[in-house]
Amino acid sequence: MKVLTRESREAAGAAGAVVVRACVQANPDAVLGFATGSSPLPLYDALADFGLDFSGVRGFALDEYIGLPPGDPRSYGAVIDSEVVQRLGMRPGSVLLPDVAAGDLEAAAREYEQAIRDAGGVDLQILGIGHNGHLAFNEPGAALDSRTRVEQLAERTRRANARFFDSPDQVPTRCMTQGIGTILDARQLLLVAHGADKADIIARALQGPVTPDCPASALQLHPRVTVILDQAAAAGL
Ligand code: GLP
């Protein structure tokens, strides 16, 4: 595992963007995995500034809320469209998300796994980390070999994500998320985190035991991981 520390979240984002740029320059038809949340936003900012050609790149999102109306601006589909697809100049529809509007959600989860396999797998997966160690929406207790499925959000995650909603009770209770096993299948992982509030969980994930109690500790099992932190998030290492 390669751990890089930068003095600010912007500098950490820029360093992350360099990793993504190298992947796309090596393979203009790369398959990227995109995360939502605030952690990857400085990376997306820096990547947009590079002005790379993303017309051949395809992508998969990690997760999506269940229960928001179609097109809701808080849905990860809407966020991926504005922060990733439009800003990077990707083809419309080139980033897939789990189909949470499907009548049969279990079938939709299986189809999402199949779509990732049909694309040849993910070359580079961008990740953030939740305060409780969640990866995507794999909350503590998730099996380290879990696959895409419907999950309940932990109350702590709902509270953390309430900032995007008018009130905490509007935060959906369910989601569809890639599993830890799905994420570990990506050929390269890139975790970005910033802020003092992430310092404890970063130390647990990178240096603590590999355990479902801290889903992000599964990163230690992957052969090709880059972690990019600002100084505040690296303070516990
Ligand atoms: C969210 C997302 C995760 C994200 C994490 C951290 O709930 N489902 O994919 O990595 O929580 O979010 P943030 O980067 O805003 O701290």
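The values are calculated or read from the model by the stated rules, or taken from the named source; none is laboratory data. All values derive from a computational prediction rather than experimental measurement. Using ideal geometry, Cβ is built from the backbone for each residue, glycine included, and neighbour counts are taken over all protein chains shown.
What to note about this one:
- Residue match in region 73-81 (condition: in a helix (DSSP H, G or I), within 16 Å of the ligand (Cβ to nearest atom), among the polar types (S, T, N, Q) and at pLDDT 95 or above): no
So that you can scan it fast, the table gives a plain yes or no per residue for (1) among the charged types (D, E, K, R); (2) assigned to a loop (DSSP other than H, G, I, E, B); (3) under 23 Å from residue 235 (Cα atoms):
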{"position": "144", "(1), (2), (3)": "no, yes, no"}
{"position": "161", "(1), (2), (3)": "no, no, no"}
{"position": "187", "(1), (2), (3)": "yes, yes, no"}
{"position": "199", "(1), (2), (3)": "no, no, yes"}
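- Taking the conditions (1) within 12 Å of the ligand (Cβ to nearest atom); (2) over 26 Å from residue 72 (Cβ atoms) in turn, residue 180 satisfies each one other than (1).
- Selected residue (criterion: farthest from the ligand (Cβ to nearest atom)) from residues of region 47-64 that are in a helix (DSSP H, G or I) and either modelled with pLDDT under 95 or in contact with a Lys or Arg (Cβ under 9 Å, 6 or more places away or on another chain) (or both): 50
- Residue selection: residue 91 fails the criterion of being among the charged types (D, E, K, R) and within 16 Å of the ligand (Cβ to nearest atom).
- The residue that is farthest from the ligand (Cβ to nearest atom), counting only those in region 109-140 that are small (Gly, Ala, Ser) and crowded, with 20+ Cβ neighbours inside 10 Å, is 109.
- Test: residue in region 120-132 that is over 18 Å from residue 28 (Cα atoms) and not in a loop (DSSP other than H, G, I, E, B): yes
- Within region 20-46, tally of residues that are part of a helix (DSSP H, G or I), touching a residue at least 60 places away in the same chain (Cβ under 8 Å) and away from the ligand (no atom under 14 Å from the Cβ): 2
- Applying a threshold of 8 Å to beta carbon distances and a minimum spacing of six or more residues, or different chains, the list of pairs starting in region 116-141 at a residue that is at positive phi and ending at one that is among the hydroxyl-bearing types (Ser, Thr, Tyr) and surrounded by fewer than 24 Cβ atoms within 10 Å (Cβ to Cβ) reads 133/217.
- Of all residue pairs spaced 6 or more apart or on separate chains, those with beta-carbon atoms under 8 Å, a first member in region 86-108 that is modelled with pLDDT of 95 or more and surrounded by 12 or more Cβ atoms within 10 Å (Cβ to Cβ) and a second member that is of a type in the set (Phe, Trp, Tyr) and part of a loop (DSSP other than H, G, I, E, B) are 88/54; 89/54; 90/54.
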